[in-house]
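The values are calculated or read from the model by the stated rules, or taken from the named source; none is laboratory data. Keep in mind it's a predicted model, so treat the numbers as computed, not measured. Here the Cβ is made from the backbone with ideal geometry for all residues, glycine too, and neighbour counts use every protein chain on show. Just so you know, the surface numbers come from the protein's heavy atoms only, side chains and all, with ligands and any DNA or RNA stripped out. Shrake-Rupley method; radii C 1.70, N 1.55, O 1.52, S 1.80 Å.
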Amino acid sequence: MTPSFSLALTGSGGAGVMTAGQLLLDAAALAGRYGLMARSFGPQIRGGEAAALLRLARRPVECPDDDYDLLVALDWGNIERFADELPLAAGAVIIADPGQGGVPEVIATQAGRIHEIAISQLARDIPGGRPNMVALGIAAALADVPGGAVETRVRQALARHGDESVAAAIACLAAGRAAALEVTGHGDPPSAAPSEDTVDAGAPGPHLDRWVLNGNEATGFGALAAGVRFCAAYPITPATEILEWLAGRLPRVGGRLVQAEDELASINMCIGASFGGVPALTATAGPGLSLMIESLGLAVAAEVPLVVANVMRGGPSTGIPTKSEQTDLNIAVYGLHGEAPHVVVAPTGVGDCAPTAAWAVSLAETLQTPVILLSDQALGQTRTIVDPPGGELARAGRRRYVARHDDSTETYRRYAMTADGISPMSCPGLPGGQYTADGLTHTEHGIPSTRAEDHVGQLDKRRRKLEEYDYGPLWGDLHGAGDIAVITWGSATQPVREACQRAEACGLAVRLVALRLLSPVPASELEAALGGVRACLVVEHNHSGQLYRHLRAWTELPHPTLAWHRPGPLPLRPGEILGALQGLHAQLEAAA
Amino acid sequence: MSAAAVLKPKDYKSATRPVWCPGCGDFGVLNALTKALAGLGLAPEQVAVISGIGCSSRLPAYTSVYGFHGVHGRALPVATGLAVARPELTVIATGGDGDGFSIGGNHFLHACRRNANLTYLIMDNAVYGMTKGQASPTSAPDWAGSKLTPNGPGIAAFRPLEIALSAGAGFIARGFSGDPNGLARQLAEAISYPGFAFLQVLSPCITYRPEQMEYKALVSAGFEPLADRNEAFRRLLTDDGFTTGVLFRAPVAAPAPADARQAAGDEAAALDALAREFTAARLRGDGGYEP
């Protein structure tokens, strides 16, 4: 189990709760903590109510806990909209500003201890003071984040606003801290964890090498490290940060980004750049992926490497753009018309986004195929403190260019039959390598054909290159050796991992299999990983059990295998998965 | 083929036989294109012809340069991606009026605005030929030759030159497939233009629009290159759709997409610096970071 402390800062748009939350997370990182911060908004994306949802711990954590230990409310706004997302722990501390009216029923009826602090008034008493900085002081005190670390972070963040702003903020922090300790009883922070292993604020140490970032930034970095030098971008929540991150960084490594007029254009611009030999990526979410699907089929048929990072959100249609759901596996794997095998991968956590993005680029370049990377809102937009990736992100997979065949009188055979299904590749600029890439069924030379031999030959070749490739150990992450297994993918991996740890602590050994490679299904590796397992649970964050059905189609699963899944918008929590595991175990015991 | 040798137009043709009907205007466009490429002395491997779907979109495979035959309506985005990623190449997007103005119409507007360095060659026959004769965006509202719209499409015809002018294209011309030499000169000028160059070619479909055999009598070389966009609009007020020539050529090309690329230095060092931007160390106040 991971002892940790979870807190929520809420307020209406513009109150600055996101800034306060981010500064607190950053300060925790400086103090050697791990942690994460999710941002919760209403469906409107801009304006309205907002909540910064944090979890801090001394061991790595990459998912929200079951409930919150602390709620600091700058105001109450439309708190009802968030109530579902803010389950409070027994004995949780609720800090309410009496100047904002009474505590709403949805909060008051939960099992928390309400303490009043006049947050706005404290801020008003300090020239230039701001309520969110008072709230930060309160939250830091009660979450046991060292005041020195918070001050260090605030000084750095506000330096460009001048000394007066910094001084006002520091005074607010102190006022908030004092008030928090006073109302809750001095020196009695609700955090159960002692602070002896906390690092001095900002003192040098290996913890300063940890990354503080969200999955979207990490995805952009992984792609860049693996060689992506072109991006065509059309903004869409919750994927835009990948594009914005790349816009600022691609030029620094000689790459380019173009803002496209729509997703039909962005995917085709990537196809054009990649046809030109420049590794390309675009990022989108469900509605954009739907628009890109026809052209992804073209990339399959014409064998153009590229990566689409699809950051999933609640669907169908516009759905809930700001909430996470693992809802696009079906379209990513099966959405293309005709038979168009390609690769689908998913990172298993924020910390895994960079390595998996790099792997996606490597697979695309090596296998001459589009790769869809399925991230989601929870991974993409949760700012998380993670250990930097240990492995090599650099360009593992590169294209093998062959400009001219041995017999130079022959026209270029771009789609030549090969044993491994991977054909020689050319690119504009290489003399003797001219060919026409085509979405029509074609011969080995790329010339349109309706002959059965060409059609079946090319279908076979494109399937063969994916099926015969050795994907290596990255196909999945394995933990534990119990005879009950949990299979999961993507952002569900982290709450599952924690549920498994808790089960272990209760004496129930569980084997975790988190798939990074979703298509083609690594059937033999999966079957080997499940050897000796007597029951299995497939956990995912969607309404219909998409991974469960996908695996049932491609491999034998142990009997019994239960599907456990539910849709968003609420995040998957370790406790409910633990409950499902215990239920499965009880069933097995009853049957035995 | 060696780039050093002097290439003839036929060297830019492939051995693949066109699917086009006998008498199709697109043969003339293919001839004009290979003449233009030979005239410019471009090495075939430095040229890419990009198309979508339709009769005319089959053109890339009939050349010996690099080709890309993509999906319906998306020739311009593919060409834009290639031109931006590989600015040293000569990129030509091509296709028909349905591909470019209907399903791909949005890309046409934005390609005019974006001004990437590429040529857009539209073979306009005012009909969907590949699907056997339906009204296209440039068909007259009362053209009743299709079973799909037996009373005519009933909507105003798309006016490519006006729209290109409005959307900001820097080079706008109209040519005729029946005049391969004149068309080759126009194409060479369009290809040499340092920005987005749009060339509408009247290219008859005598299978589904046999009346277009009369085009030869209707076209007249009347456009003289104008440098003022307002004057070009005025000139179009008296255009019957059959005037050929370069209508507009912006004296100074509109700004091309900004190129923020930095000189390729040490890539590994650049990536290390980017990774450092993620570290907790950057959140400290001392500003320094010693790994």
Review point. Does the range B:69-87 contain any residue that is touching a residue at least 60 places away in the same chain (Cβ under 8 Å) and at the interface with another protein chain (Cβ under 8 Å from one of its Cβ atoms)?
Key: yes
Review point. Out of the range B:145-184, which residues are of a type in the set (A, V, I, L, M, F, W, C), without any contact (Cβ under 8 Å) to a residue 40 or more places away in the chain and out of contact with any strand residue (DSSP E or B) (no Cβ under 8 Å at 6 or more places or on another chain)?
Key: B:Ile155, B:Ala156, B:Ala157
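Please indicate, with yes or no, whether at least one residue in the range A:59-69 is closer than 15 Å to A:Leu142 by Cα and under 30 Å from the mean Cα position of the chain (by Cα).
Taking the range A:59-69 as the starting set, the residues that turn out to be closer than 15 Å to A:Leu142 by Cα are A:68-69.
From the residues that got through so far, the ones that are under 30 Å from the mean Cα position of the chain (by Cα) too are A:68-69.
Yes; the residues of the range A:59-69 include at least one that is closer than 15 Å to A:Leu142 by Cα and under 30 Å from the mean Cα position of the chain (by Cα).
On the basis of being within 20 Å of B:Gly105 (Cα to Cα) and at pLDDT 95 or above, does A:Cys231 make the cut? Break it down into steps so the answer makes sense when it comes.
Working: within 20 Å of B:Gly105 (Cα to Cα): no; at pLDDT 95 or above: yes.
Here the answer is no, as A:Cys231 does not meet what is asked.
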Check your understanding: Mind checking whether some residue in the range A:347-366 is closer than 30 Å to A:Gly21 by Cα and open to solvent by 30 Å² or more (accessible area, probe 1.4 Å)?
Key -> yes
Review point. Restricting attention to the range A:273-289, and to residues there that are assigned to a strand (DSSP E or B) and within 20 Å of A:Glu303 (Cα to Cα), which single residue is nearest to the other protein chains (Cβ to nearest Cβ)?
Key: A:Ala280
Exercise for review: Name the single residue, out of those in the range B:36-87 being among the hydrophobic types (A, V, I, L, M, F, W, C) and part of a strand (DSSP E or B), that is surrounded by the most Cβ atoms within 10 Å (Cβ to Cβ).
Suggested key: B:Ile50
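Yes or no: A:Gly472 touching an Asp or Glu at 6+ places or on another chain (Cβ under 8 Å) and more than 14 Å from chain B (Cβ to nearest Cβ)?
On the way: touching an Asp or Glu at 6+ places or on another chain (Cβ under 8 Å): no; more than 14 Å from chain B (Cβ to nearest Cβ): yes.
No; evaluated as a whole, the condition is false for this residue.
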Point to revise | Residues being in a strand (DSSP E or B) and not β-branched (Val, Ile, Thr) - total across the range B:160-189 | key: 5
Practice item. Answer with yes or no whether B:Glu224 is under 28 Å from B:Tyr128 (Cβ atoms) and open to solvent by 20 Å² or more (accessible area, probe 1.4 Å). Key: no
Check your understanding: For A:Glu504, are the conditions met, namely being in contact with a Cys (Cβ under 8 Å, 6 or more places away or on another chain), charged (D, E, K, R) and either open to solvent by less than 10 Å² (accessible area, probe 1.4 Å) or under 20 Å from A:Pro574 (Cβ atoms) (or both)?
Key -> no
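Quick one: would you say A:Arg210 is facing chain B (nearest Cβ under 7 Å), within 24 Å of the chain's Cα centre (by Cα) and not aliphatic (A, V, I, L, M)?
On the way: facing chain B (nearest Cβ under 7 Å): yes; within 24 Å of the chain's Cα centre (by Cα): yes; not aliphatic (A, V, I, L, M): yes.
So A:Arg210 passes the test.
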Practice item. Check whether at least one residue in the range A:88-97 is without any contact (Cβ under 8 Å) to a residue 40 or more places away in the chain, open to solvent by 10 Å² or more (accessible area, probe 1.4 Å), at negative phi and outside the structural domain of A:Pro571 (by TED's automatic domain parsing), and report yes or no. Key: yes
Review point. When residues of the range A:424-473 are filtered for being aliphatic (A, V, I, L, M) and open to solvent by less than 50 Å² (accessible area, probe 1.4 Å), how many remain?
Key: 4
Practice item. Return the pairs, sorted by first residue and then second, in which the second residue is open to solvent by 20 Å² or more (accessible area, probe 1.4 Å) and acidic (Asp, Glu), the first residue lies in the range A:227-251 and is more than 19 Å from B:Leu82 (Cβ to Cβ) and away from every other protein chain (no Cβ under 11 Å), the beta carbons are less than 7 Å apart, and the residues are 6+ apart or on different chains. Key: A:Glu241/A:Glu217
Practice item. Go through the range A:425-445 and give me each residue that's under 38 Å from the mean Cα position of the chain (by Cα), β-branched (Val, Ile, Thr) and more than 7 Å from chain B (Cβ to nearest Cβ). Key: A:Thr441
Check your understanding: Checking B:Gln46 against (1) over 25 Å from B:Ser102 (Cα atoms); (2) more than 10 Å from chain A (Cβ to nearest Cβ), which test does it fail?
Key -> (2)
Review point. How many residues are under 27 Å from A:Thr382 (Cβ atoms) and assigned to a helix (DSSP H, G or I) if we restrict to the range A:241-272?
Key: 16
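Being β-branched (Val, Ile, Thr) and in a loop (DSSP other than H, G, I, E, B) is the filter here, so list the residues in the range A:321-366 that pass it.
Applying the first criterion (β-branched (Val, Ile, Thr)) to the range A:321-366 yields A:322, A:327, A:331, A:333, A:343-345, A:348, A:350, A:356, A:361, A:366.
A:Thr322, A:Thr327, A:Thr348 - these are the residues of the range A:321-366 that are β-branched (Val, Ile, Thr) and in a loop (DSSP other than H, G, I, E, B).
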Check your understanding: In the range A:258-272, how many residues are more than 7 Å from chain B (Cβ to nearest Cβ) and open to solvent by 10 Å² or more (accessible area, probe 1.4 Å)?
Key -> 2
Point to revise | Every residue from the range B:113-159 that is more than 14 Å from every other protein chain (Cβ to nearest Cβ), within 28 Å of B:Ala48 (Cα to Cα) and part of a strand (DSSP E or B) | key: B:Thr119, B:Leu121, B:Ile122, B:Met123, B:Asp124, B:Val127, B:Tyr128
Point to revise | Any hit, the range B:88-106, residues being part of a strand (DSSP E or B) and at the interface with another protein chain (Cβ under 9 Å from one of its Cβ atoms) | key: yes
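When you look at A:Gly297, is it modelled with pLDDT of 95 or more and either open to solvent by 10 Å² or more (accessible area, probe 1.4 Å) or assigned by TED's automatic domain parsing to the domain that holds A:Leu570 (or both), yes or no?
yes
Scanning for something acidic (Asp, Glu), touching a residue at least 40 places away in the same chain (Cβ under 8 Å), within 14 Å of another protein chain (Cβ to nearest Cβ) and surrounded by 24 or more Cβ atoms within 10 Å (Cβ to Cβ), does the range A:57-67 turn up at least one residue? Working first, answer last.
Residues of the range A:57-67 acidic (Asp, Glu): A:62, A:65-67.
Filter once more, so that each one left must be touching a residue at least 40 places away in the same chain (Cβ under 8 Å): A:62, A:65-67.
With within 14 Å of another protein chain (Cβ to nearest Cβ) added as a condition, the list becomes none.
Checked against the condition, which is being acidic (Asp, Glu), touching a residue at least 40 places away in the same chain (Cβ under 8 Å), within 14 Å of another protein chain (Cβ to nearest Cβ) and surrounded by 24 or more Cβ atoms within 10 Å (Cβ to Cβ), the range A:57-67 yields no hits at all.
Residue by residue, here is whether (1) away from every other protein chain (no Cβ under 13 Å); (2) modelled with pLDDT under 55; (3) over 21 Å from A:Ala20 (Cα atoms) holds:
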{"position": "A:Ala168", "(1), (2), (3)": "yes, no, no"}
{"position": "A:Ala171", "(1), (2), (3)": "yes, no, no"}
{"position": "A:Arg177", "(1), (2), (3)": "yes, no, no"}
{"position": "A:Pro194", "(1), (2), (3)": "yes, yes, yes"}
{"position": "A:Asp200", "(1), (2), (3)": "no, no, no"}
{"position": "A:Ala203", "(1), (2), (3)": "no, no, yes"}
